[in-house]
Amino acid sequence: MLSFFSDDKKIYTLTHDIESIEKKTIELNLISSSVTNKYNIITSFVESLSTKFGPEFDSWFVNFLQNFENNPEDRFNIMEASIPEIKRFCSLYLASKEYDFSEFVSPKKSKKGTILFTEDEIYKIIQISMYLKIYSFIFNNSDFKFPHSIHKKIYNQLVSEVLCTDIVSKIFDIVKTKTYRYSITDKYMWEYVKMVQCKTIDMHVIELFNFITNSILVLCEEDRNPIIYFTTVIDESMKWFLRSIYKSSIIYEDSVSTENLNSLVISNLNTYCYNDTLGRLKGLAYENLYKKIENTFLIDFTDESVSRVDDKIVEIQDRLKNIQHVSPLAECLTYPILSKITKIPYEYFKTLSCGDSCVLSAYLFDIFKRIPELKNNYKNIFSILECYPTKQPSLSTTYTLKSVQKYINTFNESESVFFGFQTKILPYNILSFFVGRIIRTSFVNIETGTKLSTLQTSKFEEEFISLYHLIFSDNFSKELLLIEKQIRLDF
């Protein structure tokens, strides 16, 4: 029989009565996390497994932890080899309980647009949560914890049964729906957050989704509805976040600690560095634009040629001042690429004026034209980079990709993953959203002032699928290095 004792939230002691194994206690030093605060849920589950399977499980579990302790150089192989046994014990235990998960599903109460989980999907969530509870003795243990890259590999193997299902996208939809509901009731608070903290509601959705999958999923209890638990966590998280905004934004308080001063200095220093780099990048982009104009119109150095250049520059400057909307392609392509290269957080690019955003996109277009690997492959996409929208792009769209076969073939060509998940549903929905916003927007070229001709939807979709397949699967690093090299040469 296994037993856990704790005199401190971060330290647990495991004892056992296995005759074949030395009566040695195992100490677990936990890291500070949301999982640690409710670690009794995990220890209770392991004690239940011990009661159910007896010496068979006890011997395996104690040997599992002792091997980790005694073989630090071989821990990844030990963990990977243990995954089948983790799944076997947890699956047998859950099957023996014969829970009626249909109680958590109410199809009759569902309406159009309701995010409805099936009985089998609830079962899978509880099952995955059990796997992660065993793994938490590793990833939540300061003595055993893997580096992030190794942790992701183990995590993906443990949750492999749900990666290609609708479960992941449904959980994401819950987070998105609940969060956007708060954006309606607290509209001005979110505008304040965006202005002061440079944090959009979309960014918060991603952060909250990661928190659910990394810290909350493991804490689901077998006899309780996990979906209700997720929604409760989202609600409480949103309330806490919105309540704390004003307090965290105040620099001077009645009592100032050393920790506050240090964090304030670091924050201000980072902000200064980001703004300085972004300012230099903007200056480089404008200089590039003006050089292009000079090369086009300054045939000779007569007064007439110089006058034509000046008139053209003034014309473009007036056009830039009147731009009222940021291109959706800048938001989903220019900003992420430049953020990756310059290490400036994405939210800082969101503070750019519409004119500056357009000039940066046009500069990135000129960089692409210098790189053979990019120049000829994505002409339809890159041609939009030197354009700006004439009206507000749609905030949402019902558009769906028409080139479905191209999409499936592209993502089947390699073992690609979408931010750690081997799913085709999420990237399909995201690409549909990106393409829908772009093709339904009218664009004007920043240099000529002429309206962009209608895009060939099929070719545009195919280019978009190919390009974002590389980005989603993290196979765009070579191109990023080439882009970075060109920008450094300009600097």
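The values are calculated or read from the model by the stated rules, or taken from the named source; none is laboratory data. A quick note: this is a predicted structure, and the numbers were derived from the prediction, not measured. Positions of Cβ are generated from backbone atoms using ideal geometry, with glycine treated the same way; all protein chains shown enter the neighbour counts.
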Could you tell me which residue of segment 124-150 is surrounded by the fewest Cβ atoms within 10 Å (Cβ to Cβ), considering only residues that are free of Cβ contacts under 8 Å to residues at least 40 places away in the same chain and within 15 Å of PRO72 (Cα to Cα)?
PRO147
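Just one of ALA362, ALA285 is among the hydrophobic types (A, V, I, L, M, F, W, C), in contact (Cβ under 8 Å) with a residue 40 or more places away in the chain and within 22 Å of SER453 (Cα to Cα); which is it? Explain how you work it out, then say what you get.
Working: ALA285 fails: within 22 Å of SER453 (Cα to Cα).
The match here is ALA362.
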Test for PRO389: is it assigned by TED's automatic domain parsing to the domain that holds ILE323 and within 14 Å of ALA330 (Cβ to Cβ)
yes
Segment 282-304, subset out of contact with any helix residue (DSSP H, G or I) (no Cβ under 8 Å at 6 or more places or on another chain) and at pLDDT 85 or above, residue surrounded by the fewest Cβ atoms within 10 Å (Cβ to Cβ)
GLY283
The lone condition ILE125 fails out of (1) assigned to a helix (DSSP H, G or I); (2) out of contact with any Pro (no Cβ under 6 Å at 6 or more places or on another chain) is (2)
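Give the residue that is surrounded by the fewest Cβ atoms within 10 Å (Cβ to Cβ), with candidates limited to residues of segment 154-169 that are in a helix (DSSP H, G or I) and free of Cβ contacts under 8 Å to residues at least 60 places away in the same chain.
Here is the first cut: in segment 154-169, the residues in a helix (DSSP H, G or I) are 154-158, 160-163, 167-169.
Narrowing the set further to residues that are free of Cβ contacts under 8 Å to residues at least 60 places away in the same chain leaves 161-162, 167.
On the way: GLU161: 14, VAL162: 19, ILE167: 21.
Looking at residues that are in a helix (DSSP H, G or I) and free of Cβ contacts under 8 Å to residues at least 60 places away in the same chain, I get GLU161.
Considering only residues that are part of a helix (DSSP H, G or I) and basic (Lys, Arg), which ones fall in segment 310-350? Give the derivation first.
Step one: filter segment 310-350 for residues part of a helix (DSSP H, G or I), giving 310-321, 328-342, 346-349.
Passing the criteria: LYS312, ARG319, LYS321, LYS340.
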